[in-house]
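Right, one structure below, let's go through it.
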Amino acid sequence: MAEELKQAGLAYRMDVPVPVFYRGKALGSGYRMDLLVEGTIVLEMKSVKAVIDIHRKQLISYLKLTKLPLGLLINFNVSLLRDGVSRVINLPRSVPEAQTLDSQAHGEPARRFSQQRSTRIVPPL
């Protein structure tokens, strides 16, 4: 995969450490993403009989921890590669305006739009 990215002229990094924070304190980087392409797309590669939920959750965790928008879970153990690709999108979750205004009225800090995210798994085309 790295050779294909290189041939396409795309910047990539392999085995990228994912920092983990708890209450603002860095706990280290216990996770490693397989590939980070152009600083925005996480590629998690597998060669398994079947992709299971834990594989998707692993990618979702990487996206949430890094606040990156897009990940691809690629299983190479398929007849056609396109059948082994799952796209995961890490979208900001919108906060209703009334909820934000309510929080401010009661002296609570407003929730930031970028802090809340939802993740969707998009089926292949």
Task: Reach of Lys25 by Cα under 19 Å, taken over lysines that are not fewer than 8 positions away in the same chain - done: Lys64, Lys67
Open item on the list: Using Cα-Cα distances under 8 Å and only pairs 6 or more residues apart, what relative contact order does the range 1-92 have, in percent?
Closed with: 21
TODO: Describe numerically, in nm with one decimal, the distance between label points set 7 Å from Cα along Cα→Cβ at Leu91 and at Leu70.
DONE: 1.5
Task: Added length on full extension, which subtracts the Cα-Cα distance from 0.36 nm per residue, Val20 to Lys57 - done: 11.7 nm
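None of the figures in this text is laboratory data; all of them are computed from the coordinates on show. Small disclaimer: the values here were computed from a predicted structure and weren't measured. A quick note on method: Cβ atoms are made from the backbone with ideal geometry, for glycine too, and the neighbour counts reach across all protein chains shown.
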